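Written out below as structure tokens is the structure these notes cover.
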Amino acid sequence: MAYYLVRARPRPERLAELSRRLSAGEFGSMRPFGNALTHSLLQARLDPDTGEAVWEEEDYCTPPLAMERAAVLDRYFDALRVEPVRKGEGWSRVHDLPSLWTQRGAG
């Protein structure tokens with residue numbers, strides 16, 4: 001399994017919808033990634049310098065996050081980029097950033 005630090009530009013007009021769907025657990029049944037994606041997005045941070053959402057994601061796909069993008073991410077984010085990291089390294093790097101949800105008023 002690989003881990004990535006994900007950076008993406010949120011689509012502001014869709015963040016409230018994403019927040020509701022995450023809170024309702026709508027993505028949890030998507031196999032094999034639903035639970036991990038839900039957990040990661042609920043913990044997503046906002047980089048105030050770039051306006052990007054940032055989070056760590058585990059993935060098995062090549063290219064990275066292909067299934068997640070097709071099913072969920074491309075609806076809610078633009079300009080998605082991934083950087084390979086060790087497990088926990090991504091979260092460690094973004095830990096002190098504010099929550100995406102409280103900063104954007106979507107949660």
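Among the residues here, Arg45 qualifies as under 15 Å from Thr102 (Cα atoms), in contact with a His (Cβ under 9 Å, 6 or more places away or on another chain) and not acidic (Asp, Glu). Each residue in the stretch 65-88 was checked for being in a helix (DSSP H, G or I), among the charged types (D, E, K, R) and exposed (fewer than 14 other Cβ atoms within 10 Å of the Cβ), and 1 pass. Quick one: is Ser29 among the polar types (S, T, N, Q) and part of a helix (DSSP H, G or I)? No, not satisfied. Take the conditions (1) out of contact with any helix residue (DSSP H, G or I) (no Cβ under 9 Å at 6 or more places or on another chain); (2) closer than 20 Å to Val85 by Cβ; (3) in contact (Cβ under 8 Å) with a residue 24 or more places away in the chain; Leu46 misses just one of them, which is (1). Confirm whether Leu37 is among the aliphatic types (A, V, I, L, M) and touching a helix residue (DSSP H, G or I) at 6+ places or on another chain (Cβ under 7 Å). Criteria met by Leu37. I need the full set of residues from the stretch 89-105 which are small (Gly, Ala, Ser) and outside any strand (DSSP E or B), in order please. Passing the criteria: Gly90, Ser92, Gly105.
When the criteria are applied in full, Trp101 meets the requirement of being touching a helix residue (DSSP H, G or I) at 6+ places or on another chain (Cβ under 7 Å) and either free of Cβ contacts under 8 Å to residues at least 40 places away in the same chain or under 16 Å from Arg14 (Cβ atoms) (or both). Among the residues of the stretch 32-50, those that are in a loop (DSSP other than H, G, I, E, B) and either acidic (Asp, Glu) or under 14 Å from the mean Cα position of the chain (by Cα) (or both) comprise Phe33, Gln43, Ala44, Asp49. Determine, yes or no, whether Trp55 is assigned to a strand (DSSP E or B) and within 15 Å of Tyr4 (Cα to Cα). In short, yes.
For beta carbons closer than 8 Å, sequence separation of 6+ or different chains, a first residue in the stretch 10-25 that is free of Cβ contacts under 8 Å to residues at least 40 places away in the same chain and within 15 Å of Ala36 (Cα to Cα) and a second that is part of a loop (DSSP other than H, G, I, E, B) and of a type outside the set (Gly, Ala, Ser), the qualifying pairs are Arg21/Phe27. Any residue at all in the stretch 29-45 that is of a type in the set (D, E, K, R), out of contact with any Ser or Thr (no Cβ under 9 Å at 6 or more places or on another chain), under 22 Å from Met1 (Cβ atoms) and surrounded by fewer than 18 Cβ atoms within 10 Å (Cβ to Cβ)? There is at least one residue in the stretch 29-45 that is of a type in the set (D, E, K, R), out of contact with any Ser or Thr (no Cβ under 9 Å at 6 or more places or on another chain), under 22 Å from Met1 (Cβ atoms) and surrounded by fewer than 18 Cβ atoms within 10 Å (Cβ to Cβ).
FYI, it's all coordinate maths here, none of it is from the lab. Note that the structure is a prediction, hence the values are computed from the model and not measured. Neighbour counts are summed over all protein chains in view; Cβ atoms, including those assigned to glycine, are modelled from backbone coordinates with ideal geometry.
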